1. List, please: which pairs have Cβ atoms under 9 Å, are six or more places apart or on different chains, and start with a residue in the range 49-64 that is over 19 Å from residue 96 (Cβ atoms) and assigned by TED's automatic domain parsing to the domain that holds residue 134 and end with one that is surrounded by 13 or more Cβ atoms within 10 Å (Cβ to Cβ) and at pLDDT below 75?
2. Is there a residue being under 22 Å from residue 136 (Cβ atoms) and either among the small types (Gly, Ala, Ser) or at pLDDT below 80 (or both) anywhere in the range 75-95?
3. Just to verify a result, which residue in the range 129-157, among those that are under 17 Å from the mean Cα position of the chain (by Cα) and either of a type in the set (Phe, Trp, Tyr) or assigned to a loop (DSSP other than H, G, I, E, B) (or both), is farthest from residue 95 (Cα to Cα)?
4. From the list 114, 128, 145, pick out the single residue that is open to solvent by 50 Å² or more (accessible area, probe 1.4 Å) and small (Gly, Ala, Ser).
5. Does residue 25 count as more than 30 Å from residue 119 (Cα to Cα) and either under 26 Å from the mean Cα position of the chain (by Cα) or not assigned by TED's automatic domain parsing to the domain that holds residue 144 (or both)?
6. Might you let me know whether the range 65-85 holds any residue that is crowded, with 16+ Cβ neighbours inside 10 Å and either of a type in the set (Lys, Arg) or touching a Ser or Thr at 6+ places or on another chain (Cβ under 7 Å) (or both)?
7. Given 6, 10, 28, which one is without any contact (Cβ under 8 Å) to a residue 40 or more places away in the chain, open to solvent by less than 90 Å² (accessible area, probe 1.4 Å) and more than 27 Å from residue 139 (Cβ to Cβ)?
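The values are calculated or read from the model by the stated rules, or taken from the named source; none is laboratory data. Worth saying up front: this structure is predicted, and the values here are computed from it rather than measured. Cβ placement follows ideal geometry from the backbone for every residue including glycine, while neighbour counts extend to all protein chains displayed. Just the protein is used for accessible areas: all its heavy atoms, side chains included, with ligands, DNA and RNA removed. Shrake-Rupley method; radii C 1.70, N 1.55, O 1.52, S 1.80 Å.
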Amino acid sequence: MQEGVIINNISNYVLPMLVFVILVYGIIKKVDIYDKFIEGSKESFDLIFTIFPTMLAMIFGVNIFIKSGILDYIYNLFSIFKFIPSEILPMIFLRPISGGATLATLNNIFAKYGPDSISGLISSVIQGSTDTTFYVITLYFGSVGIKKIRYSLYAGLFADVIGIVSAIIVVKFFF
């Protein structure tokens, strides 16, 4: 318990100390800190306006995909595989699309089955070993103006499939 209190106290001082170090460094280097801060803030608005259309399109597409009911058909199709717990199917199909949706799904699995259940363990490993491929491609490629993603989507989805299959195998083998 004592370690938790010490770490909590340290974490309360990290950000103020970082700001203090930056201010001292700026004063030593004779940099106009306020002007640099304002300049950086202006650049952030340009970045926000660059990223916003791609984020809006991605959120719109994800919502259409989820609300369309296609996922129910996909879940029914994959229910024939008995070695995959049916409660992790939302994790499998939503993880490449949305990190927030899979965190909510993971939370629901923990609440209903427990974090130490097979479903909770597999879901945890999937959450940690896969990425939000469509989000990454949409946001990062779109923000820097890359129009041709080439093999990035295939490589990302392949890595997600490997992470999901590995999660199922490893958890089933060890637990």
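1. The qualifying pairs do not exist here.
2. No, the conditions are met nowhere in the range 75-95.
3. 141
4. Sole residue among the options that is open to solvent by 50 Å² or more (accessible area, probe 1.4 Å) and small (Gly, Ala, Ser): 128.
5. So residue 25 fits the description; yes.
6. Yes.
7. Going through 6, 10, 28 in turn, just one is without any contact (Cβ under 8 Å) to a residue 40 or more places away in the chain, open to solvent by less than 90 Å² (accessible area, probe 1.4 Å) and more than 27 Å from residue 139 (Cβ to Cβ): 6.
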